[in-house]
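Presented below is the structure to which this report refers.
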Amino acid sequence: MLWIGIESSCDESAIAVVENIGGKNVIMDSRCITQAPLHKPFGGIVPEFAVREHSKNLPILLKDMISSGSLNLEKLQAIAVTEGPGLMASLLVGNSFARGLALGLGIPVFGINHLEGHLFSPFIEREQKLRFPFLGLIVSGGHTLLARVDGPRDYHKIGSTIDDAAGEAFDKVARLLGLSYPGGPEIEKYAQLGNPHAHTFPLSLMEKNNFNFSFSGLKTAVKIFLEKNKAMLYQNQQFLFDICASFQETVAKIIEQKTIAAAQSFSLPLISASGGVLANKRIRELLEKKAFEKGIEVLFAEKKFCTDNAAMIAFVGALFYALGLPITKSFDVNPNFSL
Ligand code: KG4
Ligand code: ZN
């Protein structure tokens, strides 16, 4: 069965082609046009720009896939599209595009929860590793959550952020430091040159059996520290590098400690880890090391599938369909979807 996935929940316009070959879902093509440079000067996403770009980019991506030969519309059998959560207007562009295409081709369109896309993305082209139950960890710009996954569509939230998502904290701290959007990759780049032990920032909600996250206090701690040492930021580059490294190390510790504690507390031998922030090398490294020490397997989404992409949407559609699960037909978008 030949699927395409369409993702437009935030500021990435993406389409992917997935084919079920011999029972395995293979990514035949996965393309994305990011709007990050456009939103950069504003320090965050401007919804009106996002909508305009999605409307322009989705047809470009589809045409490119057809002309490069990776997509044959005559053979296309189903479309999976992100239904939510995300920006209402951005979601509507992807859904209208999907429904128009499906109507024209006379094929079904299925609505997929973006969070399910992240949750299952570590299993893309590694379906043999998929077994239940596992601990799902999603750390992105909009979400930081831990869930026990007992089966497809059988999720039990263990913890989530009570304020900012980890990616949001990266973006806000980057802004305080005068770095550009998105802040995560910028902070990671400078952190490589800094000392992670130069400054101590607070780890919050670290009491036992509390699996919720809080990053707003950490961001405020960096802000207060910077206010007291403003001049240093402009005089000494090493000062900037050290703050980046110390902040990144603090986030890495919080994620590692909460995730390992949750896996142990709920006796879950496998962790699936995904979302934009988990593209971060140090955060992956620390979690992997601690998981290994505790005999827990951790599967990270490939870096290209950590940040928003359409391969994960097509993959979940194809996977759930093959498992015989009822997948909701997309008639609406839901900006506030949760797991
Ligand atoms: O998953 P994603 O692409 O979009 C959402 O669904 O939110 O995540 C985007 C977030 C941004 O906040 C960005 O700063 C962060 O992921 N991010 C990173 C890195 N790459 C992206 N954070 C830390 N280190 C990175 N290398
Ligand atoms: Zn996402």
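Observations on the model:
- Within the range 130-141, the only residue that satisfies the criterion of being within 25 Å of Ile79 (Cα to Cα) and surrounded by fewer than 22 Cβ atoms within 10 Å (Cβ to Cβ) is Leu130.
- Of the residues making up the range 74-89, not one is surrounded by fewer than 17 Cβ atoms within 10 Å (Cβ to Cβ) and assigned to a strand (DSSP E or B).
- Among the conditions (1) of a type outside the set (S, T, N, Q); (2) within 16 Å of ligand 1 (Cβ to nearest atom); (3) modelled with pLDDT of 95 or more, the only one that Lys304 does not satisfy is (3).
- Search result, residues across the range 40-54 that are surrounded by fewer than 16 Cβ atoms within 10 Å (Cβ to Cβ) and under 16 Å from Ser96 (Cα atoms): Arg52
- Scanning the range 131-147 for residues that are more than 16 Å from ligand 2 (Cβ to nearest atom) and without any contact (Cβ under 8 Å) to a residue 12 or more places away in the chain turns up nothing.
- Filter result (touching a Phe, Trp or Tyr at 6+ places or on another chain (Cβ under 6 Å) and among the charged types (D, E, K, R)) within the range 31-80: Lys40
- Residue within the range 13-23 that is at positive phi and not in a helix (DSSP H, G or I) present: yes
- In the range 3-12, of all residues being modelled with pLDDT of 95 or more and part of a strand (DSSP E or B), the one that is nearest to the chain's Cα centre (by Cα) corresponds to Glu7.
- Restricting attention to the range 148-206, the residues being closer than 23 Å to Phe134 by Cα and of a type in the set (Asp, Glu) number 2.
- Screening Ala291 against (1) at pLDDT 95 or above; (2) within 21 Å of the chain's Cα centre (by Cα); (3) within 14 Å of ligand 1 (Cβ to nearest atom); (4) crowded, with 17+ Cβ neighbours inside 10 Å leaves a single unmet condition, (3).
- Any chance Gln264 is touching a residue at least 24 places away in the same chain (Cβ under 8 Å), assigned to a helix (DSSP H, G or I), away from ligand 2 (no atom under 15 Å from the Cβ) and surrounded by fewer than 20 Cβ atoms within 10 Å (Cβ to Cβ): yes
- When residues of the range 180-212 are limited to those that are at pLDDT 95 or above and within 16 Å of ligand 2 (Cβ to nearest atom), the one surrounded by the fewest Cβ atoms within 10 Å (Cβ to Cβ): Pro185
- Test: residue in the range 139-146 that is over 27 Å from Gly324 (Cβ atoms), outside the structural domain of Leu268 (by TED's automatic domain parsing), touching a strand residue (DSSP E or B) at 6+ places or on another chain (Cβ under 7 Å) and not in a loop (DSSP other than H, G, I, E, B): no
- Qualifying residues in the range 98-116 (those that are part of a helix (DSSP H, G or I) and surrounded by 23 or more Cβ atoms within 10 Å (Cβ to Cβ)) - the one farthest from ligand 1 (Cβ to nearest atom): Ala98
The values are calculated or read from the model by the stated rules, or taken from the named source; none is laboratory data. What you see is a predicted model; the values in this text were computed from it and never measured. A quick note on method: Cβ atoms are made from the backbone with ideal geometry, for glycine too, and the neighbour counts reach across all protein chains shown.
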